[in-house]
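The values are calculated or read from the model by the stated rules, or taken from the named source; none is laboratory data. Given the structure is predicted, the values throughout are model-derived calculations rather than measurements. Quick reminder, even Gly has a Cβ in these numbers, built from the backbone with ideal geometry, and neighbours come from all protein chains shown.
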Amino acid sequence: MGKLIGEAVRRVEDRRFITGKATYTDDIKLPGMTYAYIVRSPYAHARIQQIDTSRAQAAPGVIAVFTGEDVKDVNGLPCGWQVNFRNGDTMKEPKHPLLVADKVRHVGDNVAMIVAESREQAKDAAELLDIEYEVLDAVTDPAKAIEEGAPLVHEDVPRNICFDWEIGDKAKTDKAFADADHVVSLEFRNQRLVPNAIEPRSAIGVYDAARDKYTLYTSSQNPHLIRLLLCAFVLGIPEHKVRVVSPDVGGGFGSKIFHYAEEALVTWAARQVGRPIKWTAERSESFVTDAHGRDHVTRAEMAFDKKGKIVGLRVSTVANMGAYLSTFAPAIPTYLHGTLLQGVYDTPAIYCEITAVFTHTTPVDAYRGAGRPEATYLLERLVDTGARELGMDPAEIRRINFIPPFDGVKQPGYQTQVALQYDSGNYEATLNRALEIIGYHQLRHEQEEARKQGRYLGIGFSTYIEACGIAPSAVVGALGARAGLYESSVVRVQPTGKVTVYTGSHAHGQGHETTFAQIVADTLGVPLEDVEVVHGDTEAVPFGMGTYGSRSLAVGGSALRKGLDKVIEKGTKIAAHLLEAAEEDLEFADGEWTVKGTDKKITFGEVALAAYVPHNFPEGMEPGLEFSTFYDPANFTFPFGTHIAVVEVDPETGKVTLKRYVAVDDVGTVINPLIVDGQVHGGIAQGIGQALLEEAVYDENGELLASSFLEYAIPRADDLVSFEVDRTVTPCPHNPLGVKGAGETGTIASTAAVVNAVIDALAPLGIKDLQMPLTPQRVWQAIQQVQAS
Amino acid sequence: MEIPIKVTVNGEVYEHRVEPRMLLVTFLREVLGLTGTHVGCDTSSCGACTILMDGKAVKSCTLLAVQADGAELLTMEGLARNGELHPIQEGFWREHGLQCGFCTPGMIMAAYQLLEENASPDEKEIRRALEGNYCRCTGYHNIVKSVQYAAKKINR
């Protein structure tokens, strides 16, 4: 281990953010810039009878008005993952047009784009666009959408079913349930959420006719993927003629993975207009157009034996895809949810079936955690329910069901019932540590005392597993992914020994410029300030897959580490030549090659210089010290942990107050604990948001009622407490850094912990279940109901 | 119709003619090119656009540029002096009080006003003072610590 790996190095990128000098997409102003405003459907389902653009065209400052007619020869937005029906039929994949010509299918669907000299003029002109709609019946609830006679989102998709899918052994699971001593079941909606990164999406399209070259600036988590989809699937323009830049990006949480229509529209229209076009979402547009998260309607059952051992799990979920398939939507309820149902438990029989359906709502896709929070929520709620019904302590029931520890080296990985093989884990260790931090026995005692005083204190557990750094490409390809899931790096040692590294990962808050620099500095023995990390520009960086699914360090960091190893390998050859020693007699440490047992040495900088001024150089060796690397992992990595929430519920108002929150996570080897803790904190907050506050509510007409921050509550500072965070370390056995992933653990764990805590608090009243979010109104009503009955 | 305004921003005087409907944040970003102040919503909820106007934290998306006529404004760009970070900026760096950085300018400005009014706020007071500023990355944990760091440093 070097000097910097494991250190809480303060972020090197922060200076620009804390002095107002960052460059987000909307901060970019180009000569001749024009501004686009997208006219969106106010209806969930309507036929466009007629669009009259004449008044809008004539409005002051208007340069162009584009409608569905203008882009009818342009392809729609592609989906990047194909999940076929159980019977082998192909997934239903209706066209997702950039601008709709015939029928709008959700509130916010793109109808027209107005380009003007200013934002205000474009928006003013939108008022003058005359659109006649014939309003049609809509369906927003996925369970209702599959009923016979429900309004169809796409005429050629019967019962709105996009695909159905299953995993596990149905017969074995049914038998386990038939033979079980005790069965618990829950029915719930894992409610729809709006990601709400604080930076609204933004895109600038530029076309340089003299060079026949396009540039797209976009607030994206994965610029290369956007370029590929834009060029090869949507616009059919040559990939080498397009540069995509994702500069500073103000949070993503999944919502900025996907390829959106506005990116293609501004790129396409920039050529028509002959000037750069900027589009930036207003928050109200973000609410109806950024892909939403979750929205599962689930029935889940867990079977136990007399002693509380889990003997079976059965899950049936209807997953809402929204009106069209977003980029990775089909993978979320299936390969990121169904395959996670083993959890951290040794359950011998599991079966899960998924029905994915279209509704007249904003498309649903990955939102922080993506499928794994849904899996964790149902497992953790069922385990707690089982504990309560069997009269067991929730910590104890977990303990007896945990998969025993395995390091993936001496002991093999754990083969689940649902396809995945876990890399390494020690689940009980995180539980023990969390119980110790929270002072469990004392806390239960306090709870009893509180109950005597009529106070409702609750303790909730969540022992979760996450799958991140999804890979290898061959496996995900077999599962329907239309992309690889490797990562790239270039390590460019400059002649003066300074190092520039290029990564296909993309940071939008995760601090790669620091974490990746720590890896470089330690591995090469150079000072941190001699390292520059470059990302987010397809013209600078080799083809990369970007950042989502907590993959950056495990996949991108490993690609970097492998590149650094190549630098050392070549450097050793150069050093051996210059020191007139055999390679095997050299050792490399702290930025120097030393001939073992002597004081003969040469520095990293001297070797770098020799590589670029190769006057005295090994015969036949190419000059230079630069390596490009692509790394395709052997497996996912599987972080895990135990979270415990302590809440108090006011029975008079139904308000839930968070009292304490303990998180013990295991994300493998930690490069920068400051950054990992920060990721955990933010994740916990988002999961708590789902448990207590957030819900994207549609009315029966398909209007999104929670469509601004006035109706949709994301956690504020005074909703939360300071978190008590700790770690265990079980290295990942299959990547060179031993790292797992830390970006989503908090969100995956915390929702269930908080809901379990509230139900624990209210258990004396006989409340066994509550539907999220646990708003004061909902909790109060539940209390009233049990008291009335 | 355009209206002349004279505004002092970060110590510099600017005179411009603006449309009456132009928002103050638009004036800062588009007219003056001070893009350190951000727009995160259209309902005055998120606080990303918070600046100081005559010493008070205001949401610059809720004011018209003409309302700032004659006022003295402080934005993110004006907080560091001679390249030296203000203790709040330093606190956000030391305590990892930011991730994506988008809410950070508004958050720092709101914290600035808090510390002007209350030199040693406790955690509860910090959380209450910042409830008009949304952060989706940090869970506020390290933002609280950043403000505490700054308070300590200022009081030293």
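Output the residues belonging to the range A:631-668 that are of a type in the set (S, T, Y) and either touching a strand residue (DSSP E or B) at 6+ places or on another chain (Cβ under 9 Å) or not in a loop (DSSP other than H, G, I, E, B) (or both).
A:Y631, A:T637, A:T642, A:T657, A:Y661
Tally the residues that are among the charged types (D, E, K, R) and either not assigned by TED's automatic domain parsing to the domain that holds A:I465 or not in a helix (DSSP H, G or I) (or both), restricting the search to the range A:405-449.
3
Take the range A:406-430 and flag every residue that is in contact (Cβ under 8 Å) with a residue 60 or more places away in the chain, more than 17 Å from A:H734 (Cβ to Cβ) and not aliphatic (A, V, I, L, M).
Within the range A:406-430, A:Q417, A:Y427, A:T430 qualify.
Of all residues in the range A:719-733, which are within 13 Å of another protein chain (Cβ to nearest Cβ), touching an Asp or Glu at 6+ places or on another chain (Cβ under 8 Å) and part of a loop (DSSP other than H, G, I, E, B)?
Passing the criteria: only A:S722.
Tell me yes or no: at least one residue of the range A:734-752 is more than 14 Å from chain B (Cβ to nearest Cβ) and in a helix (DSSP H, G or I).
yes
Which residue is farthest from the other protein chains (Cβ to nearest Cβ), if the candidates are limited to the range B:1-32 and must be part of a strand (DSSP E or B) and within 18 Å of B:G106 (Cα to Cα)?
Among residues in the range B:1-32 that are part of a strand (DSSP E or B) and within 18 Å of B:G106 (Cα to Cα), the one farthest from the other protein chains (Cβ to nearest Cβ) is B:V9.
Which of (1) of a type outside the set (D, E); (2) crowded, with 24+ Cβ neighbours inside 10 Å; (3) touching a Gly at 6+ places or on another chain (Cβ under 6 Å) does A:Y661 not meet, given it meets every other one?
(3)
In the list B:R29, B:R17, which residue meets the criterion of being among the basic types (K, R), surrounded by 20 or more Cβ atoms within 10 Å (Cβ to Cβ) and either farther than 18 Å from B:K59 by Cβ or assigned by TED's automatic domain parsing to the domain that holds B:G55 (or both)?
The match here is B:R29.
Of the residues in the range B:33-72, how many are more than 12 Å from chain A (Cβ to nearest Cβ), surrounded by fewer than 24 Cβ atoms within 10 Å (Cβ to Cβ) and assigned to a loop (DSSP other than H, G, I, E, B)?
Of the residues in the range B:33-72, 7 are more than 12 Å from chain A (Cβ to nearest Cβ), surrounded by fewer than 24 Cβ atoms within 10 Å (Cβ to Cβ) and assigned to a loop (DSSP other than H, G, I, E, B).
Restricting attention to the range B:136-156, and to residues there that are part of a helix (DSSP H, G or I) and among the hydroxyl-bearing types (S, T, Y), which single residue is nearest to the other protein chains (Cβ to nearest Cβ)?
B:S146
Of all the residues that make up the range A:110-134, how many are in contact with a Pro (Cβ under 9 Å, 6 or more places away or on another chain) and acidic (D, E)?
2
(1) over 24 Å from A:Q82 (Cβ atoms); (2) touching a Ser or Thr at 6+ places or on another chain (Cβ under 6 Å): which one isn't true of A:A209, the others all being true?
(2)
Only one of (1) at pLDDT below 95; (2) part of a helix (DSSP H, G or I); (3) of a type outside the set (D, E, K, R); (4) within 16 Å of the chain's Cα centre (by Cα) is not met by A:A471, so which one is it?
Failing condition for A:A471: (2).
What about A:D70, is it out of contact with any Cys (no Cβ under 7 Å at 6 or more places or on another chain), assigned to a helix (DSSP H, G or I) and either more than 30 Å from B:L79 (Cα to Cα) or facing another protein chain (nearest Cβ under 9 Å) (or both)?
Criteria not met by A:D70.
Tell me which strands (runs of 3 or more DSSP E) are completely within the range A:477-583 and hold 1 or more residues being in contact (Cβ under 8 Å) with a residue 60 or more places away in the chain, or say none if there are none.
Hits in the range A:477-583: A:487-493, A:499-503.
Filter the range B:1-44 down to residues that are of a type in the set (S, T, N, Q) and within 14 Å of the chain's Cα centre (by Cα) and give me whichever is farthest from A:T280 (Cα to Cα).
In this case the residue turns out to be B:N10.
Counting only residues that are within 10 Å of chain A (Cβ to nearest Cβ) and in contact with a Leu (Cβ under 7 Å, 6 or more places away or on another chain), which one in the range B:73-84 is nearest to B:T8 (Cα to Cα)?
B:T75
Does A:P776 count as under 24 Å from A:H508 (Cα atoms), surrounded by fewer than 21 Cβ atoms within 10 Å (Cβ to Cβ) and not small (G, A, S)?
Judged against the criteria, A:P776 is not a match.
Got a number for residues in the range A:707-718 being more than 8 Å from chain B (Cβ to nearest Cβ) and either more than 18 Å from A:H292 (Cα to Cα) or buried (at least 18 other Cβ atoms within 10 Å of the Cβ) (or both)?
2
Here is a yes/no grid of residues against (1) within 14 Å of another protein chain (Cβ to nearest Cβ); (2) hydrophobic (A, V, I, L, M, F, W, C):
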residue	(1), (2)
A:T25	yes, no
A:Y37	yes, no
A:Y43	no, no
A:I48	no, yes
A:Q57	no, no
A:G61	yes, no
A:A64	no, yes
A:V111	no, yes
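How many residues does the range A:129-177 contain that are closer than 15 Å to A:T347 by Cα and touching a Gly at 6+ places or on another chain (Cβ under 9 Å)?
8
Restricted to the range A:188-233, and to residues that are of a type in the set (V, I, T) and either within 20 Å of A:S550 (Cα to Cα) or buried (at least 24 other Cβ atoms within 10 Å of the Cβ) (or both), which residue is farthest from the other protein chains (Cβ to nearest Cβ)?
This residue is A:I226.
With respect to the numbered conditions (1) more than 11 Å from every other protein chain (Cβ to nearest Cβ); (2) outside any strand (DSSP E or B), which one is the sole condition not fulfilled by A:H681?
(1)
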